[in-house]
Structure formats: C-alpha cells, structure tokens
1. Suppose R0 equals 35 Å; then what is the FRET efficiency for S178 and S21 from their Cβ-Cβ distance, rounded to the nearest 0.05?
2. Note down the nm distance, to one decimal, between modelled labels 7 Å out along Cα→Cβ at R34 and at R163.
3. Find the relative contact order for the range 13-96 and round it to a whole percent, using C-alpha pairs within less than 8 Å whose residues are 6+ positions apart.
4. Can you check how the C-alpha radius of gyration of the range 13-96 compares to 2.2 N^0.38 Å, as a plain ratio?
5. Karplus couplings for the range 59-75 from phi (6.51 cos²θ - 1.76 cosθ + 1.60, θ = phi - 60°), rounded to Hz, Gly and Pro as x?
Amino acid sequence: MPVVTVGPQQASDEELLALWSRGERPALDELFGRYRSVAYRVAYRLLGNEADALDAVQDGFIKALTHLRNFQGRSTFKTWLLRVVSNASLDLGRQRRRREAIRIDVLVAGERESLEPLLREDNPGTGLEQADFRRLLDAALARLPEPQRRTFVLHAEAELSYREVADVLEISIGTVMSRLYYARQKLRAYLEPLVHDSMAKNS
C-alpha cells in the first residue's frame with residue numbers, strides 16, 4: 001500500500017481509510033465528519049423527529065465503525081455509510097412504532113420539475129404559503145410505501161445518483177427508476193386534492 005503523505009483534510013476517502021488502518025485516529029474523525037450532515041438529513045427525513053434522527057445517526061456510525069474493517073470498497077464510502085445509517089433509521093422507527101413523517105424543504109431540480117406545477121412556489125395563483133406547502137408535502141410523503149419513500153429521500157435529499165441509490169439499497173438501477181416513477185405519480189395524486197382543499201379553505 002502506498003504511503004499517504006497528505007493531511008486528513010486534503011486526503012480522499014480512500015486515503016483516509018489507509019491512514020486509519022495505520023492507527024491515525026484523526027483520519028477517522030475527518031472521514032465521518034465529512035458525511036455527518038448528509039447522514040443526519042437522511043435520518044431526519046426518514047424519521048421526522050430530531051431526537052430520533054440523532055439517535056439513528058449515532059447508532060449508524062457506531063455500527064459503521066464496528067464493521068469498518070469489513071468495508072471492501074465495492075461502493076464508495078459515502079454510499080456504504082448512508083446504507084448503514086438508513087438501515088439504522090428504519091430499525092429505530094420500527095422499534096419505537098412511531099408514525100413516520102418526512103420533511104423535505106427543497107427538492108432537487110429534477111424532482112421539482114417532475115412535480116410541476118403543483119410544487120411551483122412562485123405560482124401566485126396557488127394561494128399557498130411556503131409553510132402550507134411544506135405541510136401538504138409532508139402529508140403526501142408520509143403516505144408513500146416505505147421502499148418508495150426511502151428511495152425518494154436518498155435521491156432527492158441526499159442527492160445520490162441512480163447508481164448510488166442502487167448501491168445503498170442493494171437493488172438494481174431499474175428498480176430505483178421504477179420506485180421514483182411511482183413515488184412521483186403518487187405524490188402528484190396525493191397533492192392535487194390536498195392543494196385544492198387548502199386553496200378552498202384560504203379563499
């Protein structure tokens with residue numbers, strides 16, 4: 001294995017893993033620190049609760065650390081870590097038997113376009129405030145089947161590519177595309193009556 005001479009902040013994930021394997025603990029802190037925010041966002045969108053999300057990230061990071069020596073680099077470290085964290089989140093949600101609610105404040109451009117015109121915040125004719133829009137979107141997302149919701153969150157919130165989502169969930173790209181297609185269709189179907197009712201109440 002080549003000698004790594006760069007510092008932790010400039011090193012790639014692979015170089016940090018090499019540094020850690022040689023006993024340099026700061027490399028591990030840097031590695032986990034890089035993905036702490038996105039791991040929390042994924043956990044929060046899956047659980048809908050800050051305390052639960054923090055617990056899930058902590059549990060996920062502990063599990064990842066426990067099994068880190070088994071990481072063989074068949075996927076990127078980011079996708080592997082998000083798989084562990086998302087599994088920990090869903091396990092926690094099932095254990096506590098809480099109603100899951102997902103909050104996605106901003107959808108990536110491709111997802112926003114797929115749900116136009118319902119998700120157009122600049123449409124003056126909708127009569128919906130941003131807070132109302134988030135509330136309606138929360139209600140729609142909470143009704144998606146777990147596999148579709150999980151796939152959608154990883155793609156829209158974590159901004160993973162189809163291939164990366166497939167790696168995280170250990171499914172084919174075709175399955176990812178299928179889940180996203182049906183998730184978008186269901187979100188549109190859920191949102192249309194909700195938007196209509198909200199507009200009627202605010203008119």
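1. 0.35
2. Using points 7 Å along Cα→Cβ, the separation is 1.7 nm.
3. Averaging sequence separation for qualifying contacts and normalising by length gives 30 percent for the range 13-96.
4. With N residues counted in the range 13-96, Rg over 2.2 N^0.38 Å equals 1.09.
5. 5, x, 5, 5, 5, 5, 5, 4, 9, 4, 5, 8, 5, 10, x, 6, 10
FYI, it's all coordinate maths here, none of it is from the lab. Here the structure is a predicted model, which is why all the values come from computation and not from measurement. Note that we place each Cβ from the backbone using ideal geometry, even for glycine, and neighbour counts take in every protein chain shown.
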